[in-house]
Amino acid sequence: MKKNASLKKLHTFGLEVQAADYISVAHETELRKILPLPKNHLILGGGSNMLFTKDFEGLVIHNKIKGIEVVEENEEQVLVRVGGGEIWHELVLWAIEQNYAGLENLSLIPGSVGAAPIQNIGAYGAELKDVFDRLEAMNLETGVIETFGFEDCGFAYRESIFKGTLKGKYFITRVLLRLSKQATFNISYGAIQKVLEDTQSPLSIRSISNAVIQIRTQKLPDPKEIGNSGSFFKNPIVEIAVAKALQEKYPSIPVYPVNNDFNKLAAGWLIDQLGWKGYRKGDAGVHQHQALVLVNHGNATGEEIWALAKEIQASVQKEFGILLEPEVNIIA
Ligand code: EPU
C-alpha cells in the first residue's frame, strides 16, 4: 500500500495526479485480503480510458493479475483464460504467434485485458464480444469469484453491465476468449483492404494485424509520446429520422446502420466540421489527424482537458443538435 502515489505513469493522459492510497494486486488471494474496500475506490487497468479531473482521494487498486493459458482445445478452437492484468496488445501478439485468430483486428488497442469487456472494446469491424466466452470477477462485497457468461454481460456498443448497474461492484480477475484455429478473415473495414492491397500482403491474421497497426499509428497519437485516451466521445446513436434530416442538410455526413430504428453518426466528423481538429489551448488540444481524440501536449491539467471537452460538446450540440457522450471515464 502506497500513500500519495503518482498516477502520471499509470494512465495514458499522462496527467500529474495522485491517489491518496494505492495498491497493486497480482493474484485473487491478494485482492480478497484487502476487502472490504473503502467506498471511494477505483480499479485501474492500463489507465487508457480515464480522465482524472483532480487528485483521487480514495484507494486505487491496480489489476496486475497475469497469466495466459489454454484451458480447452479442439480441432477448430481454443479457449484461452487470461489474467485481467495482462496488457491487451501483448495478448493479441501472443495469439498471432500461436496462429489463433480472432484478435487481429483489435491490435494495438491500449489497455488491459480486464478492462476490455467493461466497454466492449472495438475497432476495425470487430468487438471484444465477438470472441468473448465468459469472465471471472470477484464480488467485492463477498469476496466470491463469480462467472459471467455472454448474456450476463449486456454487451452493446462500448457498453456492458460493468459500466452500468454493476459499476464498481466487481473486479474482473480473468477473461476467457474463444479463438479460432481456422481463420475467417474480417476485412470489412475498407481501410484494412486498402493497406493490404497497397502493401501487396497475402491475407493472414498477421497481415491484418500489421495493417491495423499501420492505420492506428497514422491516425492515433501514441500515448507514450502524447497523452491521450483514444476516442474521447462515443459515436452517437440516433433515430433514423434524425440521421436523414442531417443528411439533407449535410450530404457528406457519414451515417452507419445499427438496426431498423437507429443509425450511428461519426462523432469525429461532427467535431471536425466545426474546425476543432488541431485546436490547442495551453497544453490541452484536439489531435491533428483525428478530431475525436483529445490530447495532453505536456502539462495540461485534467480540468483543462475536461473544459475543452465540454466546449466541443456544446458546439456540436449547437450546430447539429446532438449531445456527445464521453467514452472515457471522467473521474471527478
Ligand atoms: N472523421 C472525420 N474527421 C475526423 C475523424 C473522423 O471526418 O477528424 C470521419 C472519418 O473520415 C470517417 C468517420 O469520421 O468517415 C469515422 O472515423 P474513423 O473511421 O477514424 O473512426 P471513428 O468512428 O472516429 C471508431 C472508434 C475507434 C476505432 C475506429 C476504427 C469509437 C468512439 N471510436 O472511431 O476506437 O479505432 O472507429 O474502428 O467508436 C477508441 O474507442 O478509443 C477508439 C480509438
Restrict the check to region 249-259 and report whether at least one residue is more than 8 Å from the ligand (Cβ to nearest atom), part of a helix (DSSP H, G or I), open to solvent by 60 Å² or more (accessible area, probe 1.4 Å) and under 18 Å from LYS318 (Cα atoms). yes
Only one of these conditions is not met by GLU104: (1) over 15 Å from the mean Cα position of the chain (by Cα); (2) more than 14 Å from the ligand (Cβ to nearest atom). Which number is it? (2)
Open to solvent by less than 20 Å² (accessible area, probe 1.4 Å), closer than 27 Å to ALA284 by Cα, part of a loop (DSSP other than H, G, I, E, B) and in contact (Cβ under 8 Å) with a residue 12 or more places away in the chain, is that true of ILE65? no
For region 211-241, give me each residue that is more than 13 Å from the ligand (Cβ to nearest atom) and without any contact (Cβ under 8 Å) to a residue 12 or more places away in the chain. LYS224, GLU225, ALA241
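Quick grid of which residues meet (1) free of Cβ contacts under 8 Å to residues at least 40 places away in the same chain; (2) farther than 22 Å from LEU166 by Cβ; (3) open to solvent by 40 Å² or more (accessible area, probe 1.4 Å); (4) assigned by TED's automatic domain parsing to the domain that holds GLY143:
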position: LEU7; (1), (2), (3), (4): no, yes, no, no
position: GLY14; (1), (2), (3), (4): no, yes, no, no
position: ALA19; (1), (2), (3), (4): no, yes, no, no
position: ASN40; (1), (2), (3), (4): yes, no, yes, no
position: SER48; (1), (2), (3), (4): no, no, no, no
Is it true that some residue in region 267-278 is under 30 Å from PHE52 (Cβ atoms), touching a Lys or Arg at 6+ places or on another chain (Cβ under 6 Å) and surrounded by 15 or more Cβ atoms within 10 Å (Cβ to Cβ)? no
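From the list VAL80, VAL70, pick out the single residue that is open to solvent by less than 50 Å² (accessible area, probe 1.4 Å) and out of contact with any Lys or Arg (no Cβ under 7 Å at 6 or more places or on another chain).
Checking each option against the conditions leaves just VAL80.
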Residue identified as among the basic types (Lys, Arg) and open to solvent by 60 Å² or more (accessible area, probe 1.4 Å) among LYS244, LYS234, LYS264: LYS244
Within region 114-172, restricting attention to residues that are within 16 Å of the ligand (Cβ to nearest atom) and small (Gly, Ala, Ser), which residue is nearest to ALA26 (Cα to Cα)? ALA115
Does LEU108 qualify as being part of a loop (DSSP other than H, G, I, E, B), without any contact (Cβ under 8 Å) to a residue 12 or more places away in the chain and open to solvent by 20 Å² or more (accessible area, probe 1.4 Å)? no
Can you confirm whether region 113-122 contains a residue that is more than 30 Å from LYS39 (Cα to Cα), assigned to a loop (DSSP other than H, G, I, E, B) and touching a residue at least 60 places away in the same chain (Cβ under 8 Å)? no
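Yes/no per residue for (1) in contact with an Asp or Glu (Cβ under 6 Å, 6 or more places away or on another chain); (2) within 13 Å of ARG178 (Cα to Cα); (3) modelled with pLDDT under 95:
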{"residue": "PHE56", "(1), (2), (3)": "no, no, no"}
{"residue": "ASN63", "(1), (2), (3)": "no, no, no"}
{"residue": "VAL71", "(1), (2), (3)": "no, yes, no"}
{"residue": "ARG81", "(1), (2), (3)": "yes, yes, no"}
{"residue": "GLY85", "(1), (2), (3)": "no, no, no"}
{"residue": "TRP88", "(1), (2), (3)": "no, no, no"}
{"residue": "ALA95", "(1), (2), (3)": "no, yes, no"}
{"residue": "GLN98", "(1), (2), (3)": "no, no, no"}
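The values are calculated or read from the model by the stated rules, or taken from the named source; none is laboratory data. Computed from a predicted structure; not experimentally measured. Reconstructed Cβ throughout: ideal geometry from the backbone, glycine too, with neighbour counts over all protein chains shown. The accessibility values were calculated without ligands, DNA or RNA, using every heavy atom of the protein model including side chains. Shrake-Rupley method; radii C 1.70, N 1.55, O 1.52, S 1.80 Å.
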